[in-house]
Amino acid sequence: MEADELLVLVARGDQKAFEKLYDLVAGPVYGLVQRVVRDPAQSEEVAQEALLDLWRSAARFDPRRGSALSWVLTLAHRRAVDRVRSARAAGERERREALRAASPAFDHVTEEVEAGLEREWVRRCLDRLTALQRQSVTLAYYDGYTYREVAERLSLPLGTVKTRMRDGLTRLRECLGGAA
Amino acid sequence: MSPLARLLRREDLHSLAAPYALDALDPAERARFERHLRRCRPCDAEVRALSEDAARLACSTAAPPPPALRDRVLAAVRDTPQEPAPARGRTPRLPPHVWGTQPPPARIRAPRPRPLFVPFATTTAAAALVVAALFAVQAHRTREELDAQRDRTREITRVLAAPDARAATGRDARGRGIAVIASASEGRAVVALDGYGAPPAGRVHQLWLMRPGAPPRSLGLLTEGEPLTVTDLERTATSLAVTVEPEGGSDLPTTRPFVQLTLKTVGFGE
């Protein structure tokens, strides 16, 4: 059964359907959260909160308005970004990054395990963006920076960053269109 | 506001669609953009398309989750009640971001009851203000408002349950005041205004975080009688301030604060 159909059942309180849905979305949710949050223990915590959110607020999903997977990932991404921003505000991230630099990279392990086709396509398409488009999109989406912070980091005017983000996403869509 | 200024402002808001889809707005801007979305059909369609693009970026990062996560989530689901469906008729045009968006800060483990080391007198004053405001809002309610209310209540509970939650109030000679309950460790606070009434027509009350060596940061718009939960507060922050701003809020304060409250007593300013 597809994620969309399962999510409709979950909204009616079907725990069996939730189990199946979990198996479909837990990988993308966990991977995304880990990409943004980085710290393994915190990633697990945030992924757990996001997946439980999925159960709790399933009734808010409206299949007419988009795919279940993108809805779930939106929930998870928002949570991951919120977590990484408050950690960053507290200066924890710098400390953790220093630690990470000293220990074997956690990222690489999972990247070896998971080398899906979709991943390859997204990478290839990201490579086709201009450097500024790519950096604007990835600093925001994968690293959780606000567009103001992205502008600061890239020394660009705010308006330019907004445009690069939009052009970047649009170009990505065109490129991925053939790969779906 | 002149028609030109209004147009420019709309254009400006419109350009936030991509940052919004990437979750690259700060909370105040996010809220402002979501208000705009409710009225802007083209933006809604655009945000939906851009959000699907952003989700493609997510799919490329999939990784096998730890097996123990599955057991924990499934166990938690058995004890977690679900929220009722939102009243669809009233929100037919909200994009995926909006209905998913303000999920309560779910915690799987219920927060352990912890002693609040808060000076009793100040807490009760501040808490009474926040609680009074909460119940005032309950009076008129739709399903949607109740959902939002529940989310807000959870946010507030989260602040109250923090091990270092502390409260402070400030009142002027006429009995008007501002109350805050804050947790410095979580960088979160609940703020309520009392006695100032509604701002003049076309104006809003905007809450600012004052920080040393940095410009004031907007924490959002304050409505009389509705406590506002704010997050990501820097430990170095010195005070909260409220100003009167043009509708939609400003990037930086354009008027003198009419009320200001130090955050030192609630554990900030280190």
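Among residues other than B:L233 with Cβ under 10 Å from its Cβ, the summed charge is +1 (Lys and Arg +1, Asp and Glu -1). Peptides B:260-269, B:36-45 ranked from most to least packed, by the mean per-residue count of other Cβ atoms within 10 Å: B:260-269, B:36-45.
Whole-Hz Karplus values for segment A:150-165 come out as 4, 4, 5, 5, 9, 6, 10, x, 4, x, 5, 5, 4, 5, 4, 4 Hz, taken residue by residue from phi with 6.51 cos²θ - 1.76 cosθ + 1.60 and θ = phi - 60°; glycine and proline positions read x. FRET efficiency for the A:E174 to B:R72 pair, using the beta carbon distance and R₀ = 45 Å, is estimated at 0.65. Inter-chain Cβ neighbour count for A:17-30, averaged per residue, equals 4 (cutoff 10 Å, partner chain atoms only). Net charge dipole, segment B:151-270: roughly 300 debye, given to the nearest 20, about the Cα centre with Cβ charges of +1 for Lys and Arg and -1 for Asp and Glu. Residues of segment B:200-234 with an amide N closer than 15 Å to a point placed 7 Å from the Cα of B:T254 along the Cα-to-Cβ direction: B:200-207. Taken residue by residue and averaged, Cβ atoms of other chains lying within 10 Å of the Cβ of A:138-145 number 4.
Note on segment A:128-162 and segment B:201-270: Cα centroid distance 27 Å, given to the nearest whole angstrom. Around the Cα centre of segment A:116-180, unit charges on the Cβ atoms of Lys, Arg, Asp and Glu (plus for the first two, minus for the last two) sum to a dipole of about 120 debye.
Between B:T153 and B:K264, the distance separating the two model label sites (each 7 Å from Cα on the Cα→Cβ line) works out to 3.7 nm. Peptide B:177-187 is shielded by partner chain Cβ atoms: per residue, an average of 1 of them sit within 10 Å of its Cβ. Using θ = phi - 60° in the Karplus curve 6.51 cos²θ - 1.76 cosθ + 1.60, the 3J(HN,Hα) couplings for segment B:31-40 round to 5, 5, 5, 5, 5, 5, 4, 4, 9, 10 Hz; x is entered for Gly and Pro. Quick note on segment A:116-180: its Rg to Rh ratio, both from C-alpha atoms and Rh being the Kirkwood radius, is 1.00.
Since every read-out is calculated from the coordinates, none of them should be taken as a lab result. Computed from a predicted model, the values in this text were never measured in an experiment. Glycine also receives a Cβ, built like all others from the backbone with ideal geometry; neighbour counts cover every protein chain displayed.
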